[in-house]
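Worksheet for the structure shown next.
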2 protein chains.
Amino acid sequence: MPRPNRTKEKRAELMPIVASAFSELGYRKATTKALAERCGVQENILYRLWADKKAMFVASIDYLFESTMRQWQTLIDAAEADPAGGTAAERILAYDAAHRGDSGFYRITFAALSETDDPDVRAALKRMYSKFTGVIESQIEGHRGHAAGPSRGGELPGAAVAAWAVLGVATAADIGRETGLLSAAKRKRLVAEAGRWLLEGAGG
Amino acid sequence: MPRPNRTKEKRAELMPIVASAFSELGYRKATTKALAERCGVQENILYRLWADKKAMFVASIDYLFESTMRQWQTLIDAAEADPAGGTAAERILAYDAAHRGDSGFYRITFAALSETDDPDVRAALKRMYSKFTGVIESQIEGHRGHAAGPSRGGELPGAAVAAWAVLGVATAADIGRETGLLSAAKRKRLVAEAGRWLLEGAGG
DNA sequence: AGATTTAGTTAGTATTAGCTTACACAAACT
DNA sequence: AGTTTGTGTAAGCTAATACTAACTAAATCT
């Protein structure tokens, strides 16, 4: 029988390019023509890999989320291997404070958030934020359980609330970056300080 | 001489309709046709009031921001008139916790945040967030200065950081609403708890 | 009334968007 | 070799979008 199907590989090859195009351009300006050009293929090809433009966008959301999760997982693994270097929550927070927004991932979330009347986009976003806050929440719980130091006990917001708040603070950093209102140093302080504050209510 | 120019009045009349259209539909789906239909006029007319679609969008951003500020101002005035009922910061927080997102204002900010490669849109956003965080910051300072109760002093994040964090938490509430991941009650808790926490580090 | 500017209506244009068709070539199999 | 399926290239199609032009009617003035 005939030549083998390389669709999956091709999709994997173009996915990062498509995702970064959506990140940089937003949904509207990431025209199918622009996407194809960046991929160095004809528009045609993209339509053999994904049903339509929206599918390319949704796939980009999933892809970028999973990239982030892989990154986090290495930090979680590192924390497990070497507990003395801080909890996973602390490491993620520190990493995020230093690199928040570097990937431009947040830009795609803004694009998605203004396309939420589409059920597929909304579903992808929901998936993403649900998993994100879930992971953050369990990391916060893990941190509060295992970390020494002055706990503020009952006064602390619940882990679920704190998780959403942490996510919000990170988003604020993104907005500060996007508008040019917050320098890299200030963004770092924002994520680190407010994040730590929400994590355990202590000044570090 | 000839008939008087009603341009300003007409603009003021249509502005809320245009703004709500952008809020509901996002930039992309708020076509000039759709905008005109909602306004009950021909597209033509809109182009006599604003230079182009982008100008309508930017005007909407400014308009919605100013609406919010007027709302806040009444709370600030009320706090000044009756200090016993809580500081302005507390009132704004409480109000926001209860009504966050009702206006759909946040939807336009998401749309704007994915159009930031346009200098005019970026400038409008920058203006908006700059004023917002400025007001929040001064309210936080006012609160910390005047409020009684257990202060956590040096451990608190600076007012500027706290202002951005509060804004972020509010945005997280918007995301939770938009994705359907946070119920009204949970959003309220999020804004109230995390907000209060960031405001003064006390459990209320 | 007549001049002059605004307001409303209708129609239209140029471009571009997303998406498809058609066809030649390449690679795997029997 | 021949068949079959996958891949690449080129062109094109339809619908919609942002934006304009042309014209009529209505106000306000002298």
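Mind checking which helices (runs of 4 or more DSSP H) fall wholly inside the range B:90-192 and carry at least 2 residues that are within 19 Å of B:Met69 (Cα to Cα)?
Result: B:105-113, B:119-146, B:159-179.
Do any residues in the range A:29-41 that are within 12 Å of A:Lys53 (Cβ to Cβ) have Cβ atoms under 7 Å from those of residues that are polar (S, T, N, Q) and within 8 Å of DNA strand C (Cβ to nearest atom), where the two are at least six apart or on different chains, and which pairs are they?
Partner pairs satisfying both residue conditions: A:Ala36/A:Gln42.
Name the helices (runs of 4 or more DSSP H) wholly within the range A:1-78 that hold at least 1 residues that are of a type in the set (A, V, I, L, M) and more than 13 Å from DNA strand C (Cβ to nearest atom)?
The helices (runs of 4 or more DSSP H) meeting that bar are A:7-29.
Which numbered condition trips up A:Met15, out of (1) within 16 Å of DNA strand D (Cβ to nearest atom); (2) at pLDDT below 95; (3) hydrophobic (A, V, I, L, M, F, W, C)?
So A:Met15 meets the others, but not (2).
Going through the range B:70-96 one residue at a time, which ones are surrounded by 12 or more Cβ atoms within 10 Å (Cβ to Cβ) and of a type in the set (Asp, Glu)?
Result: B:Glu90, B:Asp96.
In the range B:109-145, how many residues are more than 7 Å from every other protein chain (Cβ to nearest Cβ), within 24 Å of B:Ile76 (Cβ to Cβ) and among the charged types (D, E, K, R)?
5
Quickly run through the range A:1-31 and pick out the residues that are within 14 Å of chain B (Cβ to nearest Cβ) and touching a helix residue (DSSP H, G or I) at 6+ places or on another chain (Cβ under 6 Å).
A:Ala21, A:Phe22, A:Ser23, A:Gly26, A:Tyr27, A:Arg28, A:Ala30, listed by residue number.
The values are calculated or read from the model by the stated rules, or taken from the named source; none is laboratory data. All values reported here derive from a predicted model rather than from experimental measurement. Cβ coordinates were reconstructed from backbone atoms using ideal geometry, including for glycine residues, and neighbour counts include every protein chain displayed.
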